[in-house]
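> One structure is given below, represented as C-alpha cells, and several questions about it will come after.
The values are calculated or read from the model by the stated rules, or taken from the named source; none is laboratory data. Source: prediction; values computed, not measured. Please note: Cβ atoms are built from the backbone with ideal geometry, for glycine as well, and neighbour counts cover all protein chains shown.
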Amino acid sequence: MKYFSFKKFDLQVSEEVFPITTDTILLASWVNCKLAKSLLEVGIGSGAISFLLESQNKTLDKVIGIDINKTAIELARQNTLQLKLDKMVFHQSDFQSFGSSSKFDHIVCNPPYFKNMLLSKEKLKQEAKHQIHFDFLEFAFFCNSNLNPQGRVSMIIPTEQENFLAECFNRAKFQLSRLCSVYHEMGSESKLSMVEYSNDMQVLEKSSLIMYQNKNGLKTKEFEAMTYNFLR
C-alpha cells in the first residue's frame, strides 16, 4: 500500500490510476472556488485535486468526482472513508453518461490527452478509448448545461491547445475569465496553461508562473507560495 503525503493528509495511491504530478498540484493550487458550494471533477485520476480543494474550501457542501477507471473510483471512495469526508461522492462514469439532479458552482478537469503523456504503453491502450471520446466541444456544452449561472470551469492544458479550447468554449457561450501561463524555468517557453471559463461577463485576469529558477530544480518563491498549503 502506497501513500502520497500532503501537508494536511495522506492519500492512498495506486499504479493503476494516473499519478499525482506537478500539473495536479498546479491546478489544485490555482483553482479559485472560495465561494463555491458544489464542485464536480471530471476525470479524477488519483482524486488528489478533489481532496485538495475540499481541504482548502470549507464552503463546499458537495464534491462529486467521476472517472471511467474503476480502480480510480474505488481508491477515491477508500480515501474518502479514511479521511471521513461524507460530502465527497465518486461515480464510475464518463461525462457524456453522467447525470446530476442539481447544477454545480465549479467544474474542474485535467484533460486525459495531457495526462496520457505520463502513462506506460500498456495503460495508454487501456485509456485510449477515453481519450478518443473526450470531445472538448462536447465537454464545453456539458459544462454549460451543468453549471450554475455564475459558475466556473477550470482546466490545465498544453499551451499549444489554448486557442482550440477557447474556440470550443466560446461556441458553448463561455468567456475566458482567468489565464495563467506556466513556465518550467526562467527563459523557457510556456508549455502549460491554466484556464478558467465563466458564463457571465468578466474582466480577463492574466498571470504567469515560473516554477523553477534553473535546471537544478530550485523552486521560485512564487511556486513555493502557490503550493504552500498543499506540500510539506
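> When only residues in region 188-232 that are surrounded by 11 or more Cβ atoms within 10 Å (Cβ to Cβ) and among the small types (Gly, Ala, Ser) count, which is modelled with the lowest pLDDT?
That would be Ser188.
> Return yes when Thr71 is in contact with an Asp or Glu (Cβ under 9 Å, 6 or more places away or on another chain) and free of Cβ contacts under 8 Å to residues at least 12 places away in the same chain and no when it is not.
On the way: in contact with an Asp or Glu (Cβ under 9 Å, 6 or more places away or on another chain): yes; free of Cβ contacts under 8 Å to residues at least 12 places away in the same chain: no.
No; evaluated as a whole, the condition is false for this residue.
> Kindly evaluate Val182 against the criterion of being farther than 23 Å from Phe104 by Cβ and within 18 Å of the chain's Cα centre (by Cα). I'd like the intermediate steps shown before the answer.
Values: farther than 23 Å from Phe104 by Cβ: yes; within 18 Å of the chain's Cα centre (by Cα): yes.
So Val182 passes the test.
> Quick check on region 87-103: of everything there that is in a loop (DSSP other than H, G, I, E, B) and in contact with a Ser or Thr (Cβ under 8 Å, 6 or more places away or on another chain), which residue is surrounded by the fewest Cβ atoms within 10 Å (Cβ to Cβ)? Outline the logic, then answer.
So in region 87-103, the residues in a loop (DSSP other than H, G, I, E, B) come out as 87, 93-103.
With the extra rule that they be in contact with a Ser or Thr (Cβ under 8 Å, 6 or more places away or on another chain), the set shrinks to 102-103.
On the way: Ser102: 9, Lys103: 14.
Here the residue is Ser102.
> Now for a separate question. So, Thr80, is that one in a loop (DSSP other than H, G, I, E, B) and polar (S, T, N, Q) or not?
It is false that Thr80 is in a loop (DSSP other than H, G, I, E, B) and polar (S, T, N, Q).
> Output the residues belonging to region 60-90 that are under 28 Å from Ser193 (Cα atoms) and out of contact with any Lys or Arg (no Cβ under 9 Å at 6 or more places or on another chain).
Answer for region 60-90, where residues must be under 28 Å from Ser193 (Cα atoms) and out of contact with any Lys or Arg (no Cβ under 9 Å at 6 or more places or on another chain): Ile64, Gly65, Ile66, Asp67, Asn69, Ala72, Ile73, Ala76.
> Could you check Lys206 against (1) of a type in the set (D, E, K, R); (2) over 26 Å from Phe6 (Cβ atoms); (3) not in a strand (DSSP E or B) and say which number it fails?
(3) is the only condition that Lys206 fails.
> Let me ask something else about it. Quick check: anything in region 212-221 under 28 Å from Asn57 (Cα atoms), assigned to a strand (DSSP E or B) and of a type in the set (Val, Ile, Thr)?
First, the residues of region 212-221 that are under 28 Å from Asn57 (Cα atoms): 212, 219-221.
Then keep just the ones that are assigned to a strand (DSSP E or B); that gives 212, 219.
With the extra rule that they be of a type in the set (Val, Ile, Thr), the set shrinks to none.
No, every residue in region 212-221 fails to be under 28 Å from Asn57 (Cα atoms), assigned to a strand (DSSP E or B) and of a type in the set (Val, Ile, Thr).
> Inside region 173-186, can you point out the residues that are over 19 Å from Glu160 (Cβ atoms) and small (Gly, Ala, Ser)?
Ser177
> Which pairs turn up if I take residues in region 1-23 that are within 16 Å of Leu85 (Cβ to Cβ) and look for partners that are among the hydroxyl-bearing types (Ser, Thr, Tyr) with beta carbon separation below 9 Å, at least 6 apart in sequence or on another chain?
That search, which allows pairs on different chains as well, returns Phe6/Ser55; Lys8/Ser55; Phe9/Ser55; Asp10/Tyr3; Leu11/Tyr3; Leu11/Ser5; Leu11/Ser46; Gln12/Tyr3.
> Looking at (1) farther than 29 Å from Tyr212 by Cβ; (2) of a type outside the set (Lys, Arg); (3) at pLDDT 95 or above, find the lone condition where Ala48 falls short.
Failing condition for Ala48: (1).
> Another question, then. Within region 50-77, track down each residue that is crowded, with 19+ Cβ neighbours inside 10 Å and part of a strand (DSSP E or B).
Val63, Ile64, Gly65, Ile66, Asp67
> Here is a further query. Can you name every residue in region 6-49 that is farther than 24 Å from Ser207 by Cβ and either hydroxyl-bearing (Ser, Thr, Tyr) or in a helix (DSSP H, G or I) (or both)?
Ser14, Ser38, Ser46
> Just to verify a result, which residue in region 144-160, among those that are over 25 Å from Lys62 (Cα atoms) and touching a residue at least 24 places away in the same chain (Cβ under 8 Å), is surrounded by the fewest Cβ atoms within 10 Å (Cβ to Cβ)?
Here is the first cut: in region 144-160, the residues over 25 Å from Lys62 (Cα atoms) are 157-160.
Filter once more, keeping what is touching a residue at least 24 places away in the same chain (Cβ under 8 Å): 157-159.
Details: Ile157: 21, Pro158: 17, Thr159: 14.
Across region 144-160, the extreme among qualifying residues is Thr159.
> Restricting region 143-163 to residues that are over 19 Å from Leu192 (Cα atoms) and part of a strand (DSSP E or B), which is nearest to the chain's Cα centre (by Cα)? Write out each step before concluding.
Looking only at region 143-163, we keep the residues that are over 19 Å from Leu192 (Cα atoms), and these are 143-152.
Still in the running and part of a strand (DSSP E or B): 147-152.
Numbers: Leu147: 16, Asn148: 19, Pro149: 21, Gln150: 19, Gly151: 15, Arg152: 12 Å.
Filtering first and then ranking leaves Arg152.
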